[in-house]
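Working notes, structure below.
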Amino acid sequence: MKPNIHEQLSTDPPERDELDPEAVRNTIRARGEEIKRRELQRTVNRLESNGDLTTEQLEIIRQMATAIVDGILAAPEEALEDSRTCDSETYQKAIELFDPDR
C-alpha cells in the first residue's frame, strides 16, 4: 500500500521517484473542492438571507464556483501533469501552496 501524501511529506524531502505525482494532483484538486464547497455554502447562505434563491440561480452559482476553481487549478495541474518534467521541488511547492495541513 502506497503512503498517502501527508505520510510522504512528513519526513525529509523525498526523491522525485518517491513522491506520487497523482497524489499531489489529487491533493491540489481536493483542496480546491474543499474551498469551493465552503465558499459556495457561505455565498448561498448570505444570498438566501435576503430572500429565497431559485433552483436556476443556485445552479448558476454552482457553475460559477466550479469554473473559478477549475480556472485557478488549471495551471498547477497542467504543470504537474507530466511527471517526467517535474522534480521533487516542484511537487513540494505545489503541496505548500495547496495543502493546508502541511
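Only the coordinates and a few stated rules stand behind these numbers; no lab work does. Note that this is a predicted model, so its numbers are computed, not measured. Using ideal geometry, Cβ is built from the backbone for each residue, glycine included, and neighbour counts are taken over all protein chains shown.
Here are some notes:
- Both radii were evaluated on the Cα set of segment 21-98; the Rg over Rh quotient, with Rh as the Kirkwood radius, amounts to 1.14.
- Taken along the Cα-to-beta-carbon direction at a fixed 7 Å, the label points for Gln57 and Val44 span 1.4 nm.
- Averaged over residues, the count of other Cβ atoms within 10 Å places the peptides 35-41, 24-30, 52-58 in the sequence 24-30, 35-41, 52-58, highest first.
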